[in-house]
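Let me begin by presenting the structure, written as structure tokens, before commenting on it.
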Amino acid sequence: MAVTVGFIGVGNMGNPMAANVLKAFPMTVFDMNPKAMENLIQGGAKRAGSPREVVESSEIVFTSLPASPDVEAVYLEAGGLVDRAKPGTILIDLSSVLPSTPKKIEPRAKARGVHFLEAPVSGGVSGARAATLAIMVGGDAEPLQRATPVLRAIGPNIFHVGPVGAGNTVKAINNMLASVNSCAMMEGLALGVKAGPDPMTIYEVVKASSGGSKALERIAMELHVPVSFANVAQRYQQAALAAGLGEQDTSVIMTVIERLSAIKVSG
């Protein structure tokens with residue numbers, strides 16, 4: 001009999017991940033926005049009225065939530081997932097949060113005989129839809145082994161990176177490098193356009209040359225690691241927010257660079 005899966009939080013990332021899990025496993029789903037669940041209910045998922053209903057009917061429960069405060073509330077508040085989970089249940093948080101958050105959750109879960117894994121993902125919404133996400137798991141090996149067949153429905157690249165906290169540390173490093181690479185690429189394109197060459201020509205040359213790239217602030221501060229390039233990327237992100245562009249993804253930094261350079265890079 002297939003393992004029963006719960007999914008809490010089916011927004012931009014959670015929804016396509018849940019949809020792929022639903023293809024292979026029976027699922028109970030909950031989101032604060034009822035409309036976010038509709039495609040999953042139509043696909044055969046059972047609608048829950050609360051996170052409590054999800055965890056009480058599932059052997060493995062995924063959460064995909066906005067930030068650390070949301071995760072800590074759902075897991076640790078009285079009557080939350082840790083309190084309501086049956087012993088042996090595997091709770092897996094897919095959110096990108098501070099490493100301190102899973103470190104708060106795991107000991108509380110273990111005290112109740114419940115397993116907890118952090119499993120932040122990388123690959124964006126397109127990767128979530130295509131089930132090609134990279135998954136960075138922090139936690140014990142035994143529950144990860146049991147959960148691996150379900151995790152494979154989300155993405156093929158599952159990395160056990162260490163104890164809880166390590167998953168979100170690695171995810172933050174990945175995000176830092178991606179932001180730095182993206183900002184450097186955008187500045188280079190803007191420089192090229194202002195100097196004259198076609199941006200696609202620049203792209204093709206860089207892709208075949210040494211400039212090519214696959215394009216922790218708070219974590220780095222805690223560890224006393226200098227992150228000069230990440231600080232530059234963060235300033236661009238802050239400029240985008242100040243310009244009213246906060247609802248768009250990080251590629252909108254190109255718009256900021258265009259405005260600063262008084263040029264327009266072709267789409």
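Things to note:
- Residue (of Met13, Val137, Val3) at the positive-pole extreme of the stretch 1-147, dipole from beta-carbon charges: Val3
- Of the residues Ala243, Val150, Val54, the one whose Cα sits farthest toward the positive end of the charge dipole of the chain, with +1 on the Cβ of Lys and Arg and -1 on the Cβ of Asp and Glu, is Val150.
- Amide H contacts of Gly162 (H built 1.01 Å from N, under 5 Å, at least 5 apart or other chain): Gly139
- Shape of the stretch 39-122, Cα gyration tensor, a/c cut at 1.5: oblate
- Net dipole in debye of the stretch 2-121 [+1 Lys, Arg Cβ; -1 Asp, Glu Cβ; about Cα centre; nearest 20]: 200
- Amide hydrogen proximity for Thr28: with H placed 1.01 Å from N in the peptide plane, the residues at 5 or more positions away or on another chain lying under 5 Å are Val5, Gly6, Phe7, Lys46.
- Share of carbon and sulfur in the accessible area of the chain stands at 57%, probe radius 1.4 Å.
The values are calculated or read from the model by the stated rules, or taken from the named source; none is laboratory data. The shown structure was predicted, so the numbers you read here are calculated from the model rather than taken from an experiment. For neighbour counting, all protein chains shown are included, and Cβ atoms are generated from backbone atoms with ideal geometry for every residue, glycine included. Accessible surface areas use protein heavy atoms only, side chains included; no ligands, DNA or RNA. Shrake-Rupley method; radii C 1.70, N 1.55, O 1.52, S 1.80 Å.
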